[in-house]
Each structure stands twice: as structure tokens, then as C-alpha cells.
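The values are calculated or read from the model by the stated rules, or taken from the named source; none is laboratory data. These numbers come from a predicted model, not from an experiment. We place every Cβ from the backbone using ideal geometry, glycine too, and count neighbours over all the protein chains shown. Areas reflect the complete protein model, heavy atoms only, side chains present, ligands, DNA and RNA absent. Shrake-Rupley method; radii C 1.70, N 1.55, O 1.52, S 1.80 Å.
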Amino acid sequence: MKRIDIAARAGRSLRQAKARTLLTSLAIAVGAFTLTLSLAAGEGSRQYADKLIASNVDEQSLFIAKDAALFGEGGSQFGGSGLSEYDPDAATRGNVTFKQLTAADIEAIRAVKGIKEIQPLYQVAIKYIKFEGKDTRYTSEVSTYGAGIVSETLVGSLPGRGEQIADGDIVIPEAYLETLGVKDASSMLGKSVAVTVGRTSSSVTSEQLAQAFASGGVEAAAALAQPEEKQFIYKVRAVTKQSATALASSSSVLIAPSQMKAISEFVTQGTAGFQKYMAATAIVNDGTDPATVKAVLEQKGYPTQTAKDLQSLIFTIVNILQGIVIGFAALALIASVFGIINTQYISVLERTQQIGLMKALGMSGRDIAKLFRYEAAWIGFLGGLIGSLLAFVIGTAVNPWVTEQLSLGEGNSLLIFQLIPIVILIVSLMVIAMVAGYFPSRKAAKLDPIEALRTE
Amino acid sequence: MIEVKAITKTYGKSKNAFKALDNVSFTIPTGTSVGILGRSGSGKSTLMHAVSGLDKPESGEVIIDGQNILELNQKAVDQFRARTIGFIFQSFFVQPNETVEYNVSLPLEIAEVPTARRTQKIDAALEAVDLSDKKNSKARNLSGGQKQRLAIARAIVNEPSIIFADEPTGNLDSTTGQKIEDLLFDYNRRKGVTLIIVTHDEELARRCDMIINVKDGKIESVKEPAELKV
Ligand SMILES: Nc1ncnc2c1ncn2[C@@H]1O[C@H](COP(=O)(O)OP(=O)(O)OP(=O)(O)O)[C@@H](O)[C@H]1O
Ligand SMILES: [Mg+2]
């Protein structure tokens, strides 16, 4: 018997048992629904991450560290016994000790061919920040202005890509305006901002302390041990627009690298952290593949990540999350497989006579088996279609709302439905259903026609 | 020509062994109508199953047109049945949820007759049993006589050379039964098809060219065409 005739008969016999067919395929539809949504969410997240990286990270940039552990690649002394060899260049964060880049390392990296510029990652904690015309002291984060990406500004202007802001400039994010109670953003332009940092005078020796005590008494000694403070004054150059895909500018003020360096060196002066950096960002010459520079750096002992690596890191996280959802969907599918086996067994029993007749008329056992497998495939097809269609309709309906709740920003959406993965999904469901239909179909194929025809 | 040579069919094993067919032999010339007559449980159906290749007796030969069908493998037997044999069963065995058309189409699909030639064959078969107007009805909505006519249409649609009918009128009233008989004998005569009717109705058997009497799995008597006509 020809395949097409078998498939047509399979389809008709399912249509005659509508309720049963529908119920069996609904079990598959649940799995298909979940899978379709998770595929769409995965695609949405990947595209979002893609945008996020593209608008925040120069693709020519490299992230360089001394310790591969910074990239979650191990190689460091995680926890362990709690007792590990002292390294003067290492920094401890929580339980983890990281090796740090020294000024010599930075110079060594700068010398590598293909590196256009290198910027150590300055991490400074300021004491407070004051805005002209306000008495309130605020806490704020201070970060380095990244020349790689030009942010959109609300007011003021920023230099072109690759160029830095001046030493006296500061860029503040739109989000600050609300806290400051400023309605007219342009009124901020040109205002001065004072950043106050402090350091504990760890460099004070006991002799100095004794001397101060001798000359000025307790007060002089206390003053010497008091944290020293220093103010850095800047003028507001621009206010950056809030953007859903911008990572850095939303929560900290930005100053030029030279200023970050000055602040950082003031704060760490005389401590072990002086001129030590967790990481550095380098820009590779245009036309040079960042991957080749990365290879050179890694050979020299500097674990490096390219923008692409960063992307794949985020993708890995998305993939893991997606994998978990797919796992649950797979469980639903396994349940539905038993549903198919059950229904098809009952179907074989109910249609013993029909099977007997077809065999008597010369239909081979193989074709009988195919008939039942094709019926199962139809069920899989139907379930896949119902599930993915439902997911598409519901997903499309709630997408704007979900996207808004997650504040992904304009032009982004959490769920992105693609035709090809859905088609592949439906085809695989048909295959799974056929596999499930294997046992019942074999039972049908083995029926003895005489026995089958005897049953009334 | 059908030659049955010393076939024996035993059901069950050792102590429970029961010989449903015991050393049965006979010959049926092509185009003959044959009545297999016997009491209930005598082995008529078993004989029909053995001769049509549905069942395998443990010994003997069934030679149809020179080919011993008991020697064929499963695939070849299936093909043989699909191409040369038409079946009509006592309890119709039509597929109630399929339309009349698709019921009749089944043997054509099994024999892999090209789609283009099917419609014409189906129409001819339905015409022969006067069911043309029911072509698109569901088989379950037909009356008993119509169902049996449908079964006949299905049996003749692929123009078999042998038709087996197991109690074709057993479930019908006498007038309707008469019509079905007429249909079968008419087809047998017009097409020269060998017609083998299993029955316990002596009157029906007497309309046949040849009568084979079965009793307790043995041939009691064979009335050859010549004898009958005398
Ligand atoms: N599968 C089987 N196992 C055991 N005995 C069987 C089996 N099939 C048939 N028989 C026995 O073989 C004998 C012949 O059965 P068969 O069906 O050929 O009778 P029949 O002549 O067609 O009767 P009826 O007119 O009632 O249809 C019966 O005694 C029956 O009980
Ligand atoms: Mg019988």
C-alpha cells in the first residue's frame, strides 16, 4: 500500500474519533506550548543581549585580567582551606582572592602589538558628592567615561566616538535629576560638582604619631590619624538619556580616565592596593582582530575576554535558563507519550476486526503498523500545531505587557517567534509520536487475521 | 484451477489436539461455482481459510493455477490475496465509519492500483451491486442487504479470479438473500470467475455447479458439475 493512501486512511480514522484524538493531542500541545514559548523567550533574550552588548561594548575592546577566576574560569584560590600563600599583589573579595594587574603589567600590555590604548579598571569608593546650589551631600558611584560608545544626551554634548571628555568635565545620568529635584535639565549644564574622597592615613608611623603628640598633644595626634579628605571639582558637561540598553550611564557619574586615575591613586596611596587593578580594558587597533591580540595576551599570562566572549558568556546563561524550561517541557512530552501509547493500544483493540479485514484483503503487517504509526504522527502534528499556535497567539498578546514589566525598553521584546524552530518542533513531535506509536502498531501488525475476524 | 491435495489442519496441541481438516482433497476447475456444504462446526470456514491462503494447514498442498500457495512467503501470499482473491464474509465486515467509496477503494489501495484508475473501477463495482447512489454515504448508515452488497462490491472491485463467500446470505432475509445470490451467480457467469460459497443452506448449494460436502473435517462427498447437471 502506498504511503499517501495509508496517511489518508490514518487521517480519516482520527477524524472519526474526534474527541479522543483531540484529548490525546492536547497532552502534546502542553509540551509544544511550553517549548514554543521558551524558544521565543530564548531568542528574545539573545537578541536583547546582543543589542545590550552592541550598544555598550566596543567590539574592538578587550577585557584583561591577571586572574582567570574573574571570568569564572577557575585557576584561583576559591575558599579552600582558608589558608593560602600570601601574595602582595592579590586582592581579596569576600572569600575569593584575585591576582591583580600591577602598573608593570599595564605597561607590558600596552607594549603588545595591536593594542591602541589600555585603561585600567579604576574602582573608587567616594565619600560623597555635592552639586552646586545644593547643600545636601549625596552618595554616588563614579565611573570612567567610556570613549568606545557615545551615549545619547538629554542636554549638553559628548565628543565623538574614540575621544575623551576633558579633565574638568563630568557627565551625570538623567536618573539623578529626579533625586536632585531638577526639572529643567539644561539648568544643570556648567554647574560645578564636587566629588569628595577620603583615605585613612595608613602611612603614619608610630614615630610621627609620637612627634605629633609631643608637639600638639592628643588633638594633633588624632588629626594625623584622621582620614584625609580631598575634593575634586568638575563642571557638568552633559546629562545622558536613560536607555534600556545602556548599562553604565544609568547609575553613576562619569569622569575622564585621568581623573579616575588621580582619585584612585589618592585613595590607595600608601596602601597595598596602590596601582593595582582587578582588570583593564584595552582597545585594539581598527582592522586588527581582537581574537589574535587576545591569543598573544593569554600567552603572556593575561586572561583576556573579547566582546564576543562576553556575548557568548551571556548567551550561555540564557541557554542554561532555556535548557531548564525545555527540561520541564520534555517531562510534559514524556507524559504525553504514554497518552499516545495508551490511546493507540485501545484503538488497536477496538479495531481488531478492521485490522483482520485489511490483513485478509492482503494488506501486509508492515503497512498495518504504518497505518497506526501515521495516526500517532497525525496526533503529534495536531498537538504541535495547537500548542505552538496557542503559544504564538497568547505570547503575541501578552508580549507588550511582559516587555514593559521587565522594562526592556522600546523596540525590544521578550518573546520573538521564529517559523523555522516551530516547524522543527512540530516535525520532532511527529517523530516522537511515531516512536510512541511503535508498540501499539506492532501489536496491530501481529494480529492473526482469522482470530481478528472471528471477534464479533 | 484449484487443486487441494491432502490438507490437514489441527487446532490445539497433544491431548487437546483437534483435527478441523483431515486429509481433504478436491479439484475445482476455473470459472466453476462451488458450494461447500456442511453442518456448523464441520470445518467449512477452516477449509476456506486454508484454500485462500489466510491460514496454513500443517500438511498438504493448495495449488492455484500451478502455484502451491502454501510454499509462498508471507509477502507473496498477501500479494496473491490482494490480486486474485475477493472475500465476502458472513458478518459483512465493512468499515462502518468510512464512506461506501472508501470501503470499496481499500482493496485497490492494498493492490497499489494507480489513483487515476481507481474511480472508474469503484464506479463499475458499485454499479454492479446497484449502490451507485450511496457512494458518499457512511457504511454504518446502510441496511443489512446494502452492507452485503457493499461487501460484494469490495470483493469484485479489483476483478479477482476467485471469490470466496462465507455464508453470504446468513444474516439476511430470504428475499434480500435471493438478490445477493443472484448477484454473485450472475457475476460468476459473466466474468468466468471461480465462486466458492460456504453455506449450510442446501438450496443455495444446489444452485452451484459443484457441491463439496464436509463432515467432521472430512470430505463426505463431491458432486461434480457433470453429475449435478444430469
Ligand atoms: N482457533 C481454533 N482453536 C480451536 N478450535 C478451533 C479453532 N477454530 C476453529 N476451531 C474448531 O474447528 C472446527 C471447525 O470450525 P469452523 O469455523 O471451520 O466451522 P464451520 O464449519 O465454519 O462452522 P459454522 O458453520 O458454524 O461457521 C470447530 O469444531 C471449531 O470449534
Ligand atoms: Mg464458518
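A few points about this structure:
- Full extension of the segment from A:L390 to A:R366, taken as 0.36 nm per residue of separation minus the current Cα-Cα distance, would add 5.1 nm.
- Averaging Cα coordinates gives a centre for region A:333-368 and one for region B:141-208; these two points are 30 Å apart.
- Taking amide H as placed 1.01 Å from N in the peptide plane, A:E141 has its amide H under 5 Å from the amide H of A:V253, each at least 5 places away in sequence or on another chain.
- Annotation: extensible slack from A:F274 through A:A103 equals 60.6 nm (criterion: 0.36 nm per residue apart, minus Cα-Cα distance).
- For the segment A:358-370, counting C-beta atoms of other chains within 10 Å of every residue's C-beta and taking the mean gives 6.
- Computed about the Cα centre, the dipole magnitude for region B:34-138 is approximately 160 debye when only Lys and Arg (+1) and Asp and Glu (-1) carry charge, each at its Cβ.
- Remark: the A:R137-A:Y86 segment gains 14.5 nm on full extension, using 0.36 nm per residue and subtracting the alpha carbon distance.
- Efficiency of FRET between A:K446 and B:R206 - r from beta-carbon atoms, R0 51 angstrom, step 0.05: 0.80
- Förster radius 25 Å - calculated FRET efficiency between B:K218 and B:E71, Cβ distance, rounded to 0.05: 0.55
- Simple label model, 7 Å out from Cα along Cβ direction - B:T115 to A:K235, nm: 8.3
- Assuming charge only on the beta carbon of Lys and Arg (+1) and of Asp and Glu (-1), the dipole of region A:372-456 about its Cα centre is about 380 debye to the nearest 20.
- Residue-wise HN-Hα coupling along region A:291-297, computed from phi with Karplus coefficients 6.51, -1.76, 1.60 (Hz; x: Gly, Pro): 5, 6, 5, 4, 4, 4, 5
- Label-point gap, in nm, between A:K18 and A:V431 - each point 7 angstrom along Cα→Cβ: 3.3
- Rounded Å value of the spacing that divides the Cα centres of region A:120-189 and region B:18-85: 99
- Helical mean residue ellipticity (222 nm; -39500 (n - 2.57) per DSSP H run of 4+; nearest 500) of the protein assembly as shown: -15000 deg cm²/dmol
- Around the amide H of A:V155, modelled in the peptide plane, lie the amide H atoms of A:V239, all under 5 Å away and 5 or more residues distant in sequence or on another chain.
- Look at the stretch A:24-30: the mean tally of other chain Cβ atoms within 10 Å of its residues' Cβ atoms is 0.
- Cross-link check: pairs A:K443/B:K56; A:K359/B:K13; A:K66/A:K127; B:K13/B:K56; B:K9/B:K215 evaluated at a Cα-Cα cut-off of 18 Å; pairs beyond the cut-off: A:K443/B:K56; A:K359/B:K13; A:K66/A:K127.
- As a length-normalised measure over Cα pairs under 8 Å and 6 or more apart, the relative contact order of region B:2-225 settles at 31 percent.
- Candidate residues B:E224, B:E202, B:E167: accessible-area rank, largest first, probe 1.4 Å: B:E202, B:E224, B:E167
- Between A:T288 and A:L189, the FRET efficiency estimated from the beta carbon spacing at R0 = 41 angstrom works out to 0.60.
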